[in-house]
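**Student:** For reference, the structure I am asking about is given below.
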Amino acid sequence: MLLRALLILLACLPLAAEPLKLRLVTDDWPPYEYADKGKADGYSVARLEAVLRQMEVVLVHPDRAVPWKRLLAMLEAGEADVAVNGGKVDNREAYVHFSAEPFTETRWTAFSRRSDGLRLQKKEDFKGLRAGLVHGWSYSPEIEAFLGSQGKSVVSYDQFSNFRRLLAGQVDYVIEERQVGLHLAAKQGWREQLVTADVMNQPIRFYVMFSRKTVTPEWVARFDAAFRAFRGSAEDRALRKRYGLESLP
């Protein structure tokens, strides 16, 4: 009788709430984000997961990376909830909420062939040269305005194809985030064939993007507060060190 009463009591108690889960979608952009062995990894992914952990939110990892245009389409359709490192472009505001503050701050870098001996030190040095870009990426307004008026560009499917075009002589330089370009060059054994130069010396800022179909503005405000508390913390500094990004701003 006592056991039966206890079972009835337990049945009447409210169940513990399921932890909130956010479905991540990721591009292949190491060392910031990539998929490895069926799980996303990289500094930006680890940083996002650390902030969400403090909010008692579970980050659901994808089993593979997807091209950037597909990533944006998944956020727009509500097939994914969150992505990192999106440029704050006006037409994206229609289907994503951006984090209030940049999640990654860095600079674009021009990679050119060492054998060409190009001296890319100022804007005028890029005139008439063919730039390698990636389809669907948002570059800085200054770079896009320059390329639209005085430069030339060739668009590739992804950054790997972009660098292959460079080494094949199909473009004169590619524009890439410095750490990403160096990581790819080291992995492929291209480092000695390439030289780097700052592109117009302009910082770039990337934000966390949340799908408007699945995430509310109020929840994003909670995330913003949690990120402000986490940024620059001992754990954040340890993550930078783990992924070799101590030189970031």
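The values are calculated or read from the model by the stated rules, or taken from the named source; none is laboratory data. A quick note: this is a predicted structure, and the numbers were derived from the prediction, not measured. For neighbour counting, all protein chains shown are included, and Cβ atoms are generated from backbone atoms with ideal geometry for every residue, glycine included. To get the accessible areas, we keep the full protein, side chains included, count just its heavy atoms, and leave off ligands, DNA and RNA. Shrake-Rupley method; radii C 1.70, N 1.55, O 1.52, S 1.80 Å.
**Student:** Only residues that are within 20 Å of Trp29 (Cβ to Cβ), open to solvent by 20 Å² or more (accessible area, probe 1.4 Å) and out of contact with any Asp or Glu (no Cβ under 9 Å at 6 or more places or on another chain): list them for region 48-61, please. Give the derivation first.
**Tutor:** Narrowing region 48-61 to residues within 20 Å of Trp29 (Cβ to Cβ): 48-52, 59-61.
Filter again for open to solvent by 20 Å² or more (accessible area, probe 1.4 Å), leaving 49, 60-61.
Answer for region 48-61, where residues must be within 20 Å of Trp29 (Cβ to Cβ), open to solvent by 20 Å² or more (accessible area, probe 1.4 Å) and out of contact with any Asp or Glu (no Cβ under 9 Å at 6 or more places or on another chain): just Glu49.
**Student:** I've got another one for you. Residues in region 33-53 that are at pLDDT below 95 and over 14 Å from the mean Cα position of the chain (by Cα): how many?
**Tutor:** 4
**Student:** Please specify each residue of region 178-234 satisfying the condition of being hydroxyl-bearing (Ser, Thr, Tyr) and under 21 Å from Glu49 (Cβ atoms). Lay out the reasoning, then the answer.
**Tutor:** Residues of region 178-234 that are hydroxyl-bearing (Ser, Thr, Tyr), as a first pass: 196, 207, 211, 214, 216, 233.
Result: Tyr207, Ser211, Thr214, Thr216, Ser233.
**Student:** Could you please find all residues in region 158-186 being without any contact (Cβ under 8 Å) to a residue 40 or more places away in the chain and not hydroxyl-bearing (Ser, Thr, Tyr)?
**Tutor:** So the first thing to find is which residues in region 158-186 are without any contact (Cβ under 8 Å) to a residue 40 or more places away in the chain, and the list is 160-162, 164-165, 168, 182, 186.
Hits for region 158-186 are Phe160, Asn162, Arg164, Arg165, Ala168, Leu182, Ala186.
**Student:** Related question: Got a sec? Which helices (runs of 4 or more DSSP H) wholly within region 143-249 have at least 2 residues that are under 23 Å from Pro67 (Cβ atoms)? Don't jump to the end; show me each part of the working.
**Tutor:** Values: elements: 159-167, 178-188, 217-230, 234-242.
Fully inside region 143-249 and qualifying: 159-167, 178-188.
**Student:** Against the condition of a type in the set (A, V, I, L, M, F, W, C), surrounded by 14 or more Cβ atoms within 10 Å (Cβ to Cβ) and part of a strand (DSSP E or B), how does Val45 come out, does it pass? So that I can check it myself, show each step before the final result.
**Tutor:** Numbers: of a type in the set (A, V, I, L, M, F, W, C): yes; surrounded by 14 or more Cβ atoms within 10 Å (Cβ to Cβ): yes; part of a strand (DSSP E or B): no.
So Val45 does not fit the description; no.
**Student:** Further question: For region 71-92, what are the residues that are open to solvent by 30 Å² or more (accessible area, probe 1.4 Å) and at pLDDT 95 or above? Before the answer, list the steps.
**Tutor:** At the first step, the residues of region 71-92 found to be open to solvent by 30 Å² or more (accessible area, probe 1.4 Å) are 73-74, 76-77, 79, 88-91.
Ala73, Met74, Glu76, Ala77, Glu79 - these are the residues of region 71-92 that are open to solvent by 30 Å² or more (accessible area, probe 1.4 Å) and at pLDDT 95 or above.
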